[in-house]
1. Considering only N81, N122, N61, give the residue with the highest GNM mean-square fluctuation for the chain, with springs between Cα atoms whenever their separation is below 10 Å.
2. Keeping every protein chain present and rolling a 1.4 Å probe, give me the accessible area per residue for region 68-153 in Å².
3. Rounded to the nearest 0.05, what FRET efficiency do Y51 and A130 have when you use their Cβ-Cβ distance and R0 = 41 Å?
4. Which residues in region 79-100 have a backbone N closer than 20 Å to a point placed 7 Å from the Cα of A112 along the Cα-to-Cβ line?
5. Between E86 and K35, what is the FRET efficiency for a Förster distance of 25 Å, r being their Cβ-Cβ separation, to the nearest 0.05?
6. Quick one: go through region 104-119 and flag any residue whose amide nitrogen is under 19 Å from the point 7 Å out along the Cα-to-Cβ line of S138.
7. Taking the Cα centre of region 7-127 as origin, work out the dipole magnitude from +1 charges on Lys and Arg Cβ and -1 charges on Asp and Glu Cβ, in debye rounded to 20.
8. Which residue fluctuates most in the GNM of the chain (Cα springs below 10 Å): A55, A37, A112?
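The values are calculated or read from the model by the stated rules, or taken from the named source; none is laboratory data. Computed from a prediction, not measured in an experiment: that's the story for all the values here. Please note: Cβ atoms are built from the backbone with ideal geometry, for glycine as well, and neighbour counts cover all protein chains shown. Just so you know, the surface numbers come from the protein's heavy atoms only, side chains and all, with ligands and any DNA or RNA stripped out. Shrake-Rupley method; radii C 1.70, N 1.55, O 1.52, S 1.80 Å.
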Amino acid sequence: MKYSLYLFLVSLVLGEDSYDDYREFSVRVHTGDVKGAGTNANVFLTVHGEYGTTAEHYLDNPGYDDFERNQYDVFQFIDVNVGRIEKIRIRQDDSGYKPGWFLDFLTVEVFADDISATFPCNWWLASDEAGGIDRLLSPGQSCSPHGEYGVKL
Ligand SMILES: [Ca+2]
Ligand SMILES: [Ca+2]
(Lines give C-alpha, C1' and ligand atoms only; values in the text may rest on other atoms or scores of the structure.)
(Ligands and ions follow the chains in the order given, each with its own letter.)
Protein backbone atom coordinates (compact mmCIF):
# COMPACT_ATOMS: atom_id res chain seq x y z
CA MET A 1 0.00 0.00 0.00
CA LYS A 2 1.34 3.39 -0.96
CA TYR A 3 0.33 4.94 2.38
CA SER A 4 2.28 2.30 4.27
CA LEU A 5 5.31 3.28 2.24
CA TYR A 6 4.62 6.92 2.95
CA LEU A 7 4.37 6.23 6.69
CA PHE A 8 7.64 4.35 6.51
CA LEU A 9 9.34 7.29 4.79
CA VAL A 10 7.86 9.70 7.33
CA SER A 11 9.24 7.52 10.10
CA LEU A 12 12.70 7.61 8.51
CA VAL A 13 12.67 11.39 8.31
CA LEU A 14 11.18 12.07 11.72
CA GLY A 15 12.45 9.11 13.72
CA GLU A 16 10.48 6.37 15.42
CA ASP A 17 9.31 8.57 18.27
CA SER A 18 7.42 10.79 15.87
CA TYR A 19 5.97 7.96 13.83
CA ASP A 20 3.23 7.45 16.39
CA ASP A 21 2.15 11.08 16.05
CA TYR A 22 0.89 10.52 12.49
CA ARG A 23 -2.38 8.98 11.43
CA GLU A 24 -4.13 7.92 8.27
CA PHE A 25 -7.35 9.87 7.79
CA SER A 26 -10.15 8.45 5.69
CA VAL A 27 -12.71 10.87 4.30
CA ARG A 28 -16.03 9.72 2.86
CA VAL A 29 -18.09 12.25 0.96
CA HIS A 30 -21.61 12.00 -0.42
CA THR A 31 -22.69 14.59 -2.98
CA GLY A 32 -26.41 15.33 -2.82
CA ASP A 33 -29.03 14.04 -5.23
CA VAL A 34 -30.35 17.38 -6.47
CA LYS A 35 -30.04 19.18 -9.80
CA GLY A 36 -26.60 20.72 -10.30
CA ALA A 37 -25.22 19.06 -7.13
CA GLY A 38 -21.96 17.97 -8.69
CA THR A 39 -18.84 20.05 -9.10
CA ASN A 40 -15.48 20.00 -10.85
CA ALA A 41 -14.10 22.71 -8.59
CA ASN A 42 -11.12 21.87 -6.40
CA VAL A 43 -12.18 20.80 -2.91
CA PHE A 44 -10.02 21.19 0.20
CA LEU A 45 -10.34 19.84 3.74
CA THR A 46 -8.66 20.79 7.00
CA VAL A 47 -9.27 18.81 10.20
CA HIS A 48 -9.14 20.49 13.61
CA GLY A 49 -8.85 18.29 16.69
CA GLU A 50 -8.10 18.34 20.39
CA TYR A 51 -4.31 18.16 19.82
CA GLY A 52 -3.97 20.34 16.74
CA THR A 53 -4.80 20.91 13.11
CA THR A 54 -3.87 19.10 9.90
CA ALA A 55 -2.56 20.78 6.79
CA GLU A 56 -5.16 21.65 4.20
CA HIS A 57 -5.64 18.61 1.96
CA TYR A 58 -6.74 18.66 -1.67
CA LEU A 59 -9.40 15.99 -2.05
CA ASP A 60 -8.83 14.37 -5.41
CA ASN A 61 -8.74 10.89 -6.88
CA PRO A 62 -6.51 11.47 -9.92
CA GLY A 63 -8.12 10.63 -13.25
CA TYR A 64 -11.54 10.24 -11.67
CA ASP A 65 -14.52 12.61 -11.81
CA ASP A 66 -15.06 13.30 -8.11
CA PHE A 67 -18.04 15.02 -6.49
CA GLU A 68 -20.78 14.13 -8.95
CA ARG A 69 -24.49 13.98 -8.16
CA ASN A 70 -25.46 11.21 -5.70
CA GLN A 71 -21.92 9.83 -5.75
CA TYR A 72 -19.76 8.62 -2.87
CA ASP A 73 -16.07 9.53 -2.94
CA VAL A 74 -13.40 8.29 -0.55
CA PHE A 75 -10.05 9.94 0.08
CA GLN A 76 -7.10 9.13 2.35
CA PHE A 77 -4.25 11.19 3.63
CA ILE A 78 -1.58 11.03 6.31
CA ASP A 79 -1.24 13.87 8.77
CA VAL A 80 -0.59 14.62 12.42
CA ASN A 81 -2.61 12.89 15.11
CA VAL A 82 -5.19 15.53 16.07
CA GLY A 83 -7.03 13.30 18.56
CA ARG A 84 -10.76 13.80 18.81
CA ILE A 85 -12.09 15.68 15.80
CA GLU A 86 -13.59 19.02 16.81
CA LYS A 87 -14.14 20.87 13.54
CA ILE A 88 -13.49 20.72 9.83
CA ARG A 89 -12.95 23.42 7.29
CA ILE A 90 -14.35 22.39 3.91
CA ARG A 91 -14.08 24.67 0.91
CA GLN A 92 -14.15 24.67 -2.86
CA ASP A 93 -12.39 27.18 -5.10
CA ASP A 94 -15.34 28.05 -7.37
CA SER A 95 -13.48 26.87 -10.47
CA GLY A 96 -14.98 25.12 -13.50
CA TYR A 97 -18.46 25.10 -15.02
CA LYS A 98 -21.33 25.52 -12.53
CA PRO A 99 -18.99 25.01 -9.55
CA GLY A 100 -21.75 25.09 -6.93
CA TRP A 101 -21.56 21.84 -4.95
CA PHE A 102 -24.33 20.28 -2.86
CA LEU A 103 -22.56 18.43 -0.07
CA ASP A 104 -24.92 15.90 1.53
CA PHE A 105 -22.53 14.72 4.22
CA LEU A 106 -18.87 14.15 4.94
CA THR A 107 -17.37 11.68 7.42
CA VAL A 108 -13.80 11.80 8.69
CA GLU A 109 -12.41 8.64 10.27
CA VAL A 110 -9.16 7.62 11.92
CA PHE A 111 -9.50 3.85 12.01
CA ALA A 112 -6.38 3.37 14.15
CA ASP A 113 -8.04 5.21 17.05
CA ASP A 114 -11.66 4.29 16.28
CA ILE A 115 -12.43 7.97 15.75
CA SER A 116 -15.25 9.09 13.48
CA ALA A 117 -16.99 12.42 12.97
CA THR A 118 -19.85 13.12 10.58
CA PHE A 119 -20.85 16.49 9.19
CA PRO A 120 -24.40 16.38 7.75
CA CYS A 121 -23.98 19.50 5.64
CA ASN A 122 -27.10 18.97 3.51
CA TRP A 123 -26.51 22.24 1.68
CA TRP A 124 -24.64 24.04 -1.07
CA LEU A 125 -21.09 25.20 -1.03
CA ALA A 126 -21.73 27.81 -3.68
CA SER A 127 -20.88 31.46 -4.14
CA ASP A 128 -24.54 32.26 -4.85
CA GLU A 129 -26.01 30.40 -1.87
CA ALA A 130 -26.13 31.19 1.85
CA GLY A 131 -22.86 30.35 3.57
CA GLY A 132 -20.71 30.59 0.47
CA ILE A 133 -17.90 28.26 -0.60
CA ASP A 134 -15.85 28.06 2.60
CA ARG A 135 -17.33 26.52 5.76
CA LEU A 136 -16.12 25.71 9.27
CA LEU A 137 -18.26 22.91 10.71
CA SER A 138 -18.63 21.03 13.98
CA PRO A 139 -19.67 17.34 14.07
CA GLY A 140 -23.39 17.04 13.52
CA GLN A 141 -23.66 20.57 12.18
CA SER A 142 -25.66 21.27 9.06
CA CYS A 143 -24.62 23.91 6.53
CA SER A 144 -28.24 24.70 5.79
CA PRO A 145 -29.62 28.13 6.65
CA HIS A 146 -32.95 26.38 7.23
CA GLY A 147 -31.87 24.85 10.51
CA GLU A 148 -30.39 21.68 11.91
CA TYR A 149 -30.42 18.37 10.12
CA GLY A 150 -29.37 15.00 11.48
CA VAL A 151 -27.60 14.81 14.82
CA LYS A 152 -28.41 17.53 17.32
CA LEU A 153 -25.52 18.79 19.46
CA1 LIG B 1 -16.69 16.33 -10.62
CA1 LIG C 1 -22.68 22.15 -9.71
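1. Maximum fluctuation in the GNM of the chain, among the listed residues, is at N61.
2. 50
3. Rounded to the nearest 0.05, the efficiency is 0.80.
4. The answer is 79-87.
5. My answer for the efficiency is 0.15.
6. Only 106-108, 116-119 fall inside the zone, counting backbone N under 19 Å.
7. Dipole about the Cα centre, nearest 20: 600 debye.
8. A112
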